[in-house]
Amino acid sequence: MKSTPGTEIVEVANGIYARLHEGLTNAGIFVGDNGVLIVDSLRVPSFARDLIRDVKLITDKPVNYVIDTHAHWDHSWGNEEFPNATIIGHENCYSEMVDVEYNEQWRSKIISSGDPWAEEARIVNVTPPDLTFETKMSLHFGGRELEILYFGRAHTSGDIYIHIPSEKLLFTGDVIQEKRVPYLGDSYPADWPETDDRISSLPIDNFVSGHGPIGNHGELMEAREFIHALVSGTKQAIRDGKSELDASSEVITGMNDRFGDWIGFDTMDEKFPDVYTKLS
């Protein structure tokens with residue numbers, strides 16, 4: 001039996017799997033002695049059910065834990081399919097997921113997109129974490145210590161990272177991606193560089209992000225440098241009195257040689273206004 005079409009399940013360490021979904025959202029699968037831990041429940045319940053079926057290709061053990069790397073719908077709106085699991089997230093993730101206005105803005109955007117999951121989004125029961133923390137949580141699972149870390153605001157207000165020190169492995173959500181421009185719409189660009197600096201201090205060899213392929217430490221540093229270049233360039237353009245349009249042209253042109261081949265860079269002119277506004 002093969003995994004869900006469009007997915008690939010890669011064992012990144014003994015008993016730890018990256019479920020990569022081309023063009024969509026990745027998940028993590030940790031197999032412990034008595035159960036399973038999932039990183040990100042995906043975008044709608046049907047996607048979560050596909051994930052559960054794929055877990056059963058690996059083990060019949062029940063899902064005991066789900067970790068939400070952040071509140072965005074494509075990572076957490078499958079939570080309702082895990083009623084017997086403890087759902088872990090940052091306290092800011094919880095606050096966003098119980099914010100009715102926040103959820104309805106996302107729901108409206110998804111429904112109007114006309115994507116195949118748009119109609120299902122109408123009836124999603126947004127299910128927030130039931131176990132939250134402030135800065136760090138340790139979980140001993142499958143004979144390993146998992147460090148669940150919060151380093152500050154970045155892609156959202158509640159991004160967290162699952163660090164497995166024994167494997168030099170990190171699950172990064174959407175904050176760090178391999179040669180891919182992250183979604184910047186409700187981000188915190190003033191805080192993001194410092195958050196990336198703290199992530200980059202971790203002794204890791206490889207990372208699994210929320211989208212795209214598995215990355216290495218060098219690619220993690222490139223993702224950090226992208227954010228630093230974007231934020232520092234935008235701040236300088238604002239100090240120089242540049243308009244949003246002129247700043248956009250200057251910053252994007254300045255970044256093109258190094259990052260122009262990244263997925264999503266071709267639409268940086270659409271993403272830039274959010275960054276400019278928040279840094280002004």
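What number, in nm² with one decimal, is the all-direction average of the projected area of the convex hull of the alpha-carbon atoms of the stretch 174-280? Present the calculation step by step, with values, prior to reporting the outcome.
Working: hull surface 24.7 nm².
Convex hull of Cα atoms, orientation-averaged projection: 6.2 nm².
Find the Rg to Rh ratio for the stretch 7-215, where Rh is the Kirkwood radius over alpha-carbon pairs and Rg uses the same atoms. Please list the in-between numbers first.
Numbers: Rg = 15.7 Å, Rh = 16.9 Å.
Here Rg/Rh amounts to 0.93.
Select from Asp50, Asp99, Asp266 the residue whose mean-square fluctuation is largest in a Gaussian network model of the chain (Cα-Cα springs shorter than 10 Å).
Fluctuation is largest for Asp99.
Which length gain, in nm to one decimal place, applies between Lys168 and Asp33 when the Cα-Cα distance is subtracted from 0.36 nm times their residue separation? Could you put the intermediate results ahead of the total?
Working: separation 135, 0.36 × 135 = 48.60 nm, distance 2.10 nm.
Here the segment from Lys168 to Asp33 would lengthen by 46.5 nm.
What is the local net charge at Ser280, summed over the other residues whose Cβ is closer than 10 Å to its Cβ (Lys, Arg +1; Asp, Glu -1)?
Values: positive: Lys235, Lys278; negative: Glu244.
That works out to +1.
Grab the stretch 7-215 and count how many Lys pairs have their alpha-carbon atoms under 30 Å apart, sequence gap of 8 or more, or different chains.
Numbers: Lys56/Lys168; Lys61/Lys136; Lys61/Lys168; Lys109/Lys179; Lys136/Lys168; Lys136/Lys179; Lys168/Lys179.
Within the stretch 7-215, the lysine pair count is 7.
Only counting other Cβ atoms within 10 Å, I'd like Tyr94, Tyr161 sorted with the fewest neighbours first. Write down the numbers at each step before the final one.
On the way: Tyr94 19, Tyr161 23.
Listed from fewest to most nearby Cβ atoms, that is Tyr94, Tyr161.
What is the stretch 7-215's relative contact order, in percent, from Cα pairs under 8 angstrom and six or more apart in sequence?
Details: 448 pairs, mean separation 37.4, N = 209.
Rounded, it is 18 percent for the stretch 7-215.
Quick check on the stretch 138-280: of the DSSP beta bridges with both residues there, what percent are antiparallel, nearest 5%?
70 percent
Give, in nm to one decimal, the length gained when the segment between Tyr188 and Arg49 is fully stretched (0.36 nm per residue of separation minus the Cα-Cα distance). Mind showing how you got there, number by number?
Details: separation 139, 0.36 × 139 = 50.04 nm, distance 3.22 nm.
Extra length available between Tyr188 and Arg49 comes to 46.8 nm.
Kindly give the semi-axes, whole Å and largest first, of the ellipsoid equivalent to the stretch 116-159, taking each as the square root of 5 times a Cα gyration tensor eigenvalue. Please list the in-between numbers first.
Details: eigenvalues 162, 52, 22 Å².
One finds semi-axes of 28, 16, 10 Å for the stretch 116-159.
Compute the helix-to-body angle for 217-239: its Cα long axis versus the longest principal axis of the chain, expressed 0 to 90° and rounded to tens.
40 degrees
Using bins 10 angstrom wide from zero, how does P(r) for the stretch 237-280 break down, in % of all Cα pairs?
That works out to 28, 55, 16, in percent per bin.
Just to be sure I understand: if I project the alpha-carbon convex hull of the stretch 53-127 onto a plane and average over all orientations, what area do I get in nm²?
That works out to 5.5 nm², a quarter of the Cα hull's surface.
Over the chain, what is the percentage of antiparallel beta bridges among all DSSP beta bridges, to the nearest 5? Mind dumping the intermediate values first?
On the way: 28 of 43 bridges.
For the chain, the DSSP antiparallel bridge percentage is about 65.
Relative to the longest principal axis of the C-alpha atoms of the chain, give the angle of the C-alpha long axis of helix 244-259, reported between 0 and 90° and rounded to the nearest 10°.
Once rounded, one gets 60 degrees.
Put +1 on the Cβ of every Lys and Arg and -1 on every Asp and Glu Cβ in the chain; which of Gly173, Asn14, Met97 then has its Cα farthest towards the positive end of the dipole?
Asn14
Which far-off residues, 5 or more places away or on another chain, put their amide H under 5 Å from the one on Asp159, with H placed in the peptide plane?
Here Ala154 satisfy the definition.
Over 10 Å intervals from 0, what percent of Cα-Cα pairs in the stretch 1-116 sits in each interval?
14, 47, 30, 9, 0
Can you compute the charge dipole magnitude of the chain about its Cα centre, using +1 on each Lys and Arg Cβ and -1 on each Asp and Glu Cβ, nothing else charged? Give it in debye, rounded to the nearest 20.
Numbers: 24 positive and 47 negative charges, 76 e Å.
Result for the chain is approximately 360 debye, rounded to the nearest 20.
Tell me, what is the FRET efficiency for Lys109 and Asp266 to the nearest 0.05, using R0 = 25 angstrom and their Cβ-Cβ distance as r? Intermediate results must be reported in sequence, preceding the final value.
Numbers: r = 21 Å, r/R0 = 0.85.
After rounding, the FRET efficiency stands at 0.75.
Which of the aspartates and glutamates could be linked to Lys2 by a straight reach, that is with a Cα gap under 13 Å, when you skip same-chain ones fewer than 8 residues away?
Those aspartates and glutamates meeting the cut-off are Asp50, Asp54.
Using amide H atoms built in the peptide plane, which far-off residues or other-chain residues are under 5 Å from Asn216 H to H?
Long-range HN contacts for Asn216: Phe207.
Which residues' amide hydrogens lie under 5 Å from the amide hydrogen of His211, considering only partners 5 or more residues apart or on another chain, with H built in the peptide plane?
Asn26
Any idea which of Asn84, Ile38, Thr59 is furthest toward the positive side of the dipole for the stretch 36-134, if Lys and Arg beta-carbons carry +1 and Asp and Glu beta-carbons -1?
Checked the options; the winner is Thr59.
If Lys and Arg each add +1 and Asp and Glu each add -1, what is the summed charge of the other residues whose beta carbon sits under 11 Å from the beta carbon of Asn206?
Numbers: positive: Lys168; negative: Glu167, Glu178, Asp205, Glu219.
Surrounding charge for Asn206 is -3.
Since every read-out is calculated from the coordinates, none of them should be taken as a lab result. No experiment lies behind these values; they were computed from the predicted model shown. Cβ coordinates were reconstructed from backbone atoms using ideal geometry, including for glycine residues, and neighbour counts include every protein chain displayed.
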